[in-house]
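Data first, discussion second: the structure below is written as structure tokens.
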Amino acid sequence: MTICYLAGIVPLLQAGVRADSIKTTLPEVSVTAIKQAPSLAIQPVAATTIDAAEVERERIVTMKQASEIVPNFYVPDYGSRMTSTIYVRGLGARIDQPAVGLNVDNIPVLNKNDYDFDLFDIERIEVLRGPQSVLYGRNTMGGLINIYTLSPLRYQGVKLLGEYGSGNSWRAGAGAYGRIREDLGMSFSINASGTEGFWHNACNGSEVGRGHQASMRWKTAYASGGRFSLENIVSFNLNREHGYPYEWLETGSVAYNDTCFYKRVSLSEGLTMQWRTDRFTVSSITGLRYMDDDMTLDQDFTPKSYFTLTQATKEWTLTQDVIFRGSEGRYSWMAGAFGFLKHARMHAPVNFLGDGIRELIIDNALGSMPSGMGMRWDGDSFLLDSRFTIPVYGLAVYHESGFEHGPWKLTGALRLDYEHTALRSASYTSTACTVTMMGMDIRREVTIDDRNRFSKHFLQLLPKVTATYRLPMPSPSTVYASVAKGYKSGGYNTQMFSDVLQQQLMVRMMGRGDDPDINAVVGYKPEQSWNYEVGSHVACAGGRIHTDLSVFYIDCRDQQLTCFPDEKGTGRMMTNAARTRSWGVEASVSARPCDRLQLIATYGFTDARFVNYNDGKDDFSGKFIPYAPRHTMFGSVTYRQPLSASWLDGISLTVDGRGVGPIYWDESNSHKQPLYGLLGMSLKFDHKRYSLDFWGENILNARFSTFYFESIGHSFVQRGKPRRIGVTVRFSI
């Protein structure tokens, strides 16, 4: 395939700039939407489709900008591009496996560390809410995001983009799309962006939040006679970020003394093939992905030198999905098999520094010792080193059958899912201290070199049943009901090994007590849910008004939650809440009263609470689940005035607003971000060949928080981005 790329680049660029081939409509088979209907507008699922025009109009640069536009879909913008936390209907995860899956051109991305990248040459984005585990498996119990990029068989030409805005932020992109021959096309796109950030580190004077990214995509598309089609995509992403803008609430400023950064390199290869026979269709989706990332933090986020943490991961992922699909009369069916293999190596050292040794170790140890005793450490630092090998693989088979009778369609689906995960750990530290007892100095040297192996197996049967009724209306409209089981597998708390190693060190230093039980903190259980939902998709006024409405109830067992087990610890851990429940409503309306005016409004409400959760110290039953907002709101009004000038086709004004909250930051609900709103606006001058867009975000400069946490007895928040203005220029050749 690489040889094909190299041989095709010259005719691609020649074909891409032909003025008579700006857009082409394909009669051939498309390889998009393999497991679902081409349009989600009448399917029995709560879904939002964002087309290319809306991606540009609402400046959806990453999926974080789609937050609130989709009801009950919240992606907080904090930390770095590693922290791609997504909450849907009260379900979400801050670390480890996500609750919402991501497919890019049908290829699954299994690690949420790789979710956050700039969106360029996007054809459409689909966000499906509610469990998609039966058809899509891993990481989809809360929902699924499908991103589809431009195909050179559906668009030919050259696209250019340039943007500059507040914070010395910039973005640039270029893409060429062309046919080599009638049934074969290629495209190549590249984009880059950067920012100086919006925060200042009061400790060392540096700018916090600086970052740069660059990515490229090379796509080959082939479609022959309606019987066979193929897409092959190679993509590359490079990301570098400096600093985490976590504000210490005691001082009201970002101020820390040690290095903070995140960097990531990822490379992916995806091959999608589809064969059509007279009776059925066979599709094959193969994905290969490599990710190498490194997060290094001043973990205490204060001017003192407590400890630093690094989490560096190298991961290979291979996925394979084979789908058979057919229909005969009123009966339709789909069957498939899915397998994946993921192999990761992680290095996660914690480096204890002077203040951390004195305040977190020595003072803590002396507090439990008789008066008159003393302790001093050899050296100003020591290392708690942890290395992990994490092999994971899974296999699944699934089937879906649908039967139509008059306006009714009944569908049943079932998936048998098996997963095996293992953890091989190596923890090491070597240090020494001197203990003073009764006037005598006793020197103690400790070396710990622990190696452990763990493994888990998970087997699940996942059913789903839906009923759809087509309403007797001129435009396609339906009501539906569904019952589905959602599932997310268990795993291991790799970030707790530094705490375990620290406890082992203190036990052996003091010569009292027993080593901690590693098995008690390492593993966490799978998360399971039942989702009950009724909804409707209604189109009226000749298709000018589209309304979607859904009501849901989720009964979840062993919901996975992220917590800090000890305020003086170095790690985070995943734990399980015995039982939670959430219910809510989602509504969206898109209306075009006239050709010049477009209105969009969405609203999501979620009441997500603990039914049974006791962490051994407190009972949180009845409390709201943290980090999941109760309300999400979005509204947009766009008016376009056509013009007859040769150099300008029209002027568009868009005013939008979004709201989110309240968001509770902890299980006790003692801290929260109240409901807040943001106002945006853009003025666009457009021509069929180019456009100039002046825009503003958070125009009223609202002050709000996107994240809150406690560490070493201190409270921290990340503030949302302040007012931003800028200009975007686009060219289509």
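The values are calculated or read from the model by the stated rules, or taken from the named source; none is laboratory data. Note that this is a predicted model, so its numbers are computed, not measured. Methodologically, a virtual Cβ is constructed for each residue, glycine included, from the backbone with ideal geometry; neighbour enumeration extends over all protein chains shown.
Set side by side, the residues THR436, THR431, THR421 differ, and just one is exposed (fewer than 15 other Cβ atoms within 10 Å of the Cβ), out of contact with any helix residue (DSSP H, G or I) (no Cβ under 6 Å at 6 or more places or on another chain), more than 27 Å from VAL465 (Cα to Cα) and touching a residue at least 12 places away in the same chain (Cβ under 8 Å), which is THR436.
Restricted to the range 649-733, the set of strands (runs of 3 or more DSSP E) holding at least 2 residues that are charged (D, E, K, R) and loosely packed, with under 15 Cβ neighbours inside 10 Å is empty. Annotation note: Cβ proximity below 7 Å between a residue of the range 627-640 that is under 22 Å from ASN669 (Cβ atoms) and assigned to a loop (DSSP other than H, G, I, E, B) and a residue that is among the charged types (D, E, K, R) and at pLDDT 95 or above (sequence gap 6+ or interchain) occurs for ARG630/ASP607.
SER644 fulfils the conditions (1) surrounded by 15 or more Cβ atoms within 10 Å (Cβ to Cβ); (2) more than 16 Å from TYR553 (Cα to Cα) except for a single criterion, (1). Residues considered: ASP116, ASP105. Of these, the only one that is surrounded by 21 or more Cβ atoms within 10 Å (Cβ to Cβ), closer than 23 Å to SER283 by Cβ and charged (D, E, K, R) is ASP105. For PHE188, the requirement of being surrounded by 17 or more Cβ atoms within 10 Å (Cβ to Cβ) and among the aromatic types (Phe, Trp, Tyr) is met. Does TYR256 satisfy the condition of being crowded, with 19+ Cβ neighbours inside 10 Å, touching a Pro at 6+ places or on another chain (Cβ under 7 Å), closer than 30 Å to GLY720 by Cβ and not hydrophobic (A, V, I, L, M, F, W, C)? When the stated conditions are applied, TYR256 passes them. Would you confirm whether any residue within the range 281-294 is at pLDDT below 95, under 26 Å from the mean Cα position of the chain (by Cα) and either of a type in the set (A, V, I, L, M, F, W, C) or at positive phi (or both)? Checked the range 281-294: no residue is at pLDDT below 95, under 26 Å from the mean Cα position of the chain (by Cα) and either of a type in the set (A, V, I, L, M, F, W, C) or at positive phi (or both).
Annotation note: Cβ proximity below 7 Å between a residue of the range 578-601 that is without any contact (Cβ under 8 Å) to a residue 60 or more places away in the chain and aromatic (Phe, Trp, Tyr) and a residue that is assigned to a strand (DSSP E or B) and crowded, with 17+ Cβ neighbours inside 10 Å (sequence gap 6+ or interchain) occurs for TRP583/PHE552.
Taking the condition closer than 24 Å to LEU318 by Cβ and either within 26 Å of the chain's Cα centre (by Cα) or not in a strand (DSSP E or B) (or both), does LEU271 pass? For LEU271, the condition - closer than 24 Å to LEU318 by Cβ and either within 26 Å of the chain's Cα centre (by Cα) or not in a strand (DSSP E or B) (or both) - is met. For ARG325, indicate whether it is in contact with a helix residue (DSSP H, G or I) (Cβ under 9 Å, 6 or more places away or on another chain), among the basic types (Lys, Arg) and surrounded by 17 or more Cβ atoms within 10 Å (Cβ to Cβ). No: the conditions fail for ARG325. Scanning the range 253-268 for residues that are in contact (Cβ under 8 Å) with a residue 40 or more places away in the chain, assigned to a strand (DSSP E or B) and aliphatic (A, V, I, L, M) yields a single hit, VAL254. For the range 322-361, what are the residues that are over 25 Å from ALA33 (Cα atoms), among the hydrophobic types (A, V, I, L, M, F, W, C) and either outside any strand (DSSP E or B) or touching a Pro at 6+ places or on another chain (Cβ under 9 Å) (or both)? Correct list: ALA344, ALA348, LEU353, ILE357, LEU360, ILE361. Each residue in the range 470-519 was checked for being surrounded by 18 or more Cβ atoms within 10 Å (Cβ to Cβ), of a type outside the set (Val, Ile, Thr) and at pLDDT 85 or above, and 12 of them qualify. Of all residues in the range 429-469, those that are of a type outside the set (Asp, Glu) and either at pLDDT below 85 or under 30 Å from GLY379 (Cα atoms) (or both) total 20. Residues in the range 272-313 that are crowded, with 19+ Cβ neighbours inside 10 Å and aliphatic (A, V, I, L, M): ILE285, MET291, MET295, LEU297, LEU309.
All of (1) touching a Phe, Trp or Tyr at 6+ places or on another chain (Cβ under 7 Å); (2) in a loop (DSSP other than H, G, I, E, B); (3) modelled with pLDDT under 90 hold for ALA577 with one exception: (2).
Consider the range 135-158 and keep the residues that are hydroxyl-bearing (Ser, Thr, Tyr) and part of a loop (DSSP other than H, G, I, E, B). The one that is nearest to ARG325 (Cα to Cα) is THR140. Residues of the range 212-251 that are surrounded by fewer than 21 Cβ atoms within 10 Å (Cβ to Cβ) and among the aliphatic types (A, V, I, L, M): ALA214, MET216, LEU230, VAL234, LEU238, LEU249. With respect to the conditions (1) within 18 Å of LYS112 (Cα to Cα); (2) touching a residue at least 40 places away in the same chain (Cβ under 8 Å), PHE324 lacks only one, and its number is (1). Considering the range 532-572, the residues that are within 22 Å of ILE95 (Cα to Cα) and basic (Lys, Arg) include one that is modelled with the highest pLDDT, namely ARG557. Taken over the range 296-321, residues that are assigned to a strand (DSSP E or B), over 24 Å from VAL265 (Cα atoms) and more than 25 Å from the chain's Cα centre (by Cα) amount to 1. Tell me, which residue of the range 579-626 that is aliphatic (A, V, I, L, M) and out of contact with any Lys or Arg (no Cβ under 7 Å at 6 or more places or on another chain) is farthest from GLU527 (Cα to Cα)? Checking each candidate, the answer is LEU597. What single numbered condition from (1) within 27 Å of the chain's Cα centre (by Cα); (2) in contact (Cβ under 8 Å) with a residue 12 or more places away in the chain fails to hold for LYS672? Exception for LYS672: condition (2).
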